[in-house]
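Participant: One structure is given below, represented as structure tokens, and several questions about it will come after.
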Amino acid sequence: MRYARTYILGAISFGMIVGSLAAQQDSESKKSFADKSAKRRAMSEGYPTGPMWDLLDQFAGVWTVTEHHYDALGQVIATVEGTEEVVWILDGHAIERSYTTKTDDKTYKAIGTFVWNDATQTFEGVWFDNRAGGGATISKGSWNEDRRMIHYKLETEGGSGKSTRYEVLDRITSKDTHVATTYVVSGAKRLKRLVVNYKRNEPCGIGGVMSLLSITPTDEKNESKK
């Protein structure tokens, strides 16, 4: 009986410890998520205001991204998943986008800074990534209210000195989703090469913590390189 009582008390104590740790991790997770998805209104005063700045504010947060890559015939040749974290920097004067995707043998990382330029009435962004020989990609975009879309235009220069022009149509489909479609532009022709679906993440919560205690087999995905 004494051993049984000791075992029960030990189990209760262990359960209390696990519960306390789970609650603490859940609280920290929510805090971390809240920090990463903080809006400008949570900052001190002094940041620029206006409808286009409010539009950028909608992108703040943590997102799950799903890329669909297309060949010249319009067929999907690869599907890659990842995340993007968007936070306000410089006292609310710019957003920083940290983008990461991963295949079986390669991790793609990129960081971009985006602002609204009141003088030129355009969105402006500078993008860096970890591709070999990749320099800065500068983009400028305009807002289309009817289509709920930012239309970016950008140009990159390859190692041979030949430049490639792109257009990115980033449509806001809801407060928690947006879809960015990238086209390669040659004269009057546009060739779709990439579609990225963004879905806003939720904090993992206690359910996510408890799910770590079990292992569920999943089907492996054959993902092509970027």
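Participant: May I ask you to rank GLU85, GLU155, GLU67 by accessible area, largest first, using a 1.4 Å probe over the protein chains only?
Facilitator: Largest accessible area first, the list is GLU155, GLU85, GLU67.
Participant: Using a 1.4 Å probe and counting only protein heavy atoms, arrange HIS68, HIS93 so the residue with the most accessible area comes first.
Facilitator: HIS93, HIS68
Participant: Put SER98, SER186 in order of accessible area, largest first, 1.4 Å probe: what do you get? Working shown, then result.
Facilitator: Details: SER98 40, SER186 85 Å².
Largest accessible area first, the list is SER186, SER98.
Participant: Same structure, new question: Can you list residues from other chains, or at least 5 along the same chain, whose modelled amide H is less than 5 Å from the amide H of ALA94?
Facilitator: Hits under the 5 Å cutoff: ILE89.
Participant: Could I ask something else about it? Roughly how many Å is it from the Cα centre of the range 66-140 to that of the range 159-192, as a whole number?
Facilitator: 12
Participant: Please go through the residue pairs LYS109/LYS192; LYS102/LYS140; LYS39/LYS189; LYS140/LYS192; LYS39/LYS162; LYS39/LYS140 and name each one whose alpha carbons sit more than 29 Å apart in this structure.
Facilitator: LYS39/LYS189; LYS39/LYS162
The values are calculated or read from the model by the stated rules, or taken from the named source; none is laboratory data. On a predicted model such as this, the values are computed, not experimentally measured, just so you know. SASA here: full protein model, heavy atoms, side chains in, ligands and nucleic acids out. Shrake-Rupley method; radii C 1.70, N 1.55, O 1.52, S 1.80 Å.
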